[in-house]
Amino acid sequence: GARLDINAWVEGKTNKRIVDLIARGMIDDLTRMVLVNALHFDAKWEQKFKKSSTLENQPFHLDASGTNTTPCTMMNAKAHFAHVEHELFDYVELPYVGGEMAMQLLVPKALDGLDAVLKTLTPTTLADLHTEAKSKLVSLGLPKFTVSGGGDITKTLKAMGLTLSFSDKGDYSGMLDGPAAGSKEEEGGLSFSDVVHKTFIKVDEEGTEA
């Protein structure tokens with residue numbers, strides 16, 4: 001019952017884009033708490049793409065080798081956007097209506113240049129690019145796409161180094177009152193068992209939903 005209630009809440013908060021977040025069997029008699037966060041983003045481009053300029057069966061490069069392509073539906077625009085020409089890539093910002101948010105795009109200059117671009121990326125790098133960007137007439141091609149996926153990311157988080165939270169040494173006593181408060185080493189303490197993440201993003205001529 002709790003699982004169905006949680007999934008219904010998530011589905012409602014995400015405009016039915018994320019369904020069945022918690023799989024059957026993930027909640028059992030030992031489950032003490034489920035923490036859930038949901039976000040629905042739906043914004044229109046400040047400068048919408050003209051549907052008449054959208055082209056079918058355009059090549060999109062799939063990987064860092066630059067040799068594998070797949071046909072995609074490519075939206076096209078020629079307009080003024082905030083832009084930076086880096087030695088490894090072109091950076092462009094596509095603002096949403098209101099100007100408070102924008103999509104940040106980085107396109108490698110070399111077909112096999114993705115790995116080199118990824119190595120430069122940090123939060124500081126993106127902040128610096130945003131500050132440096134100047135309005136420029138840009139000829140832009142952007143794939144029109146919808147992607148969704150996700151699931152249990154527990155193994156991924158552990159591989160990245162998040163192990164304490166899943167162990168007996170995790171201390172979440174601040175979340176509980178009474179005799180069950182305390183670390184997992186004490187009777188009734190808490191530790192993570194599963195972390196689940198699902199995502200959805202749709203990009204088209206009108207804007208972005210995620």
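The values are calculated or read from the model by the stated rules, or taken from the named source; none is laboratory data. None of the values given here were measured: they were computed from a predicted structure. Reconstructed Cβ throughout: ideal geometry from the backbone, glycine too, with neighbour counts over all protein chains shown. Accessible surface is based on the protein model in full, side chains and every heavy atom, while ligands, DNA and RNA are left aside. Shrake-Rupley method; radii C 1.70, N 1.55, O 1.52, S 1.80 Å.
Of the residues making up segment 71-89, those that are open to solvent by 50 Å² or more (accessible area, probe 1.4 Å) and either within 18 Å of Lys134 (Cβ to Cβ) or not in a strand (DSSP E or B) (or both) are Lys78, His80, Glu85, His86, Glu87, Leu88. Can you pull out the residues in segment 1-42 that are exposed (fewer than 14 other Cβ atoms within 10 Å of the Cβ), farther than 24 Å from Lys144 by Cα and either of a type in the set (A, V, I, L, M, F, W, C) or within 23 Å of the chain's Cα centre (by Cα) (or both)? Passing the criteria: Ala2, Leu4, Ala8, Trp9, Gly12, Asp20, Ala23, Leu30, Met33, Leu35, Val36, Asn37. For segment 173-195, a residue qualifies if it is of a type in the set (A, V, I, L, M, F, W, C), crowded, with 16+ Cβ neighbours inside 10 Å and either under 26 Å from the mean Cα position of the chain (by Cα) or at pLDDT below 55 (or both), and the qualifying residues are Ala181, Phe192, Val195. The residue pairs whose first member lies in segment 125-151 and is more than 23 Å from Phe49 (Cβ to Cβ) and touching a residue at least 24 places away in the same chain (Cβ under 8 Å), whose second member is among the aliphatic types (A, V, I, L, M) and surrounded by 13 or more Cβ atoms within 10 Å (Cβ to Cβ), and whose beta carbons are closer than 7 Å, counting only pairs six or more residues apart or on different chains, are Glu132/Val84; Gly151/Val196.
Scanning segment 116-157 for residues that are surrounded by fewer than 15 Cβ atoms within 10 Å (Cβ to Cβ) and of a type in the set (D, E, K, R) gives Lys119, Asp128, Glu132, Lys134, Lys136, Asp152, Lys155. For segment 158-172, the candidate set comprises residues that are among the charged types (D, E, K, R) and at pLDDT below 90; within that set, the residue that is surrounded by the fewest Cβ atoms within 10 Å (Cβ to Cβ) is Asp168.
Out of the residues in segment 43-63 that are part of a strand (DSSP E or B) and closer than 15 Å to Gly141 by Cβ, state the one that is least open to solvent (accessible area, probe 1.4 Å).
It comes out as Trp45.
Of the residues making up segment 47-63, those that are without any contact (Cβ under 8 Å) to a residue 40 or more places away in the chain and over 25 Å from the mean Cα position of the chain (by Cα) are Ser52, Ser53, Leu55, Glu56, Asn57.
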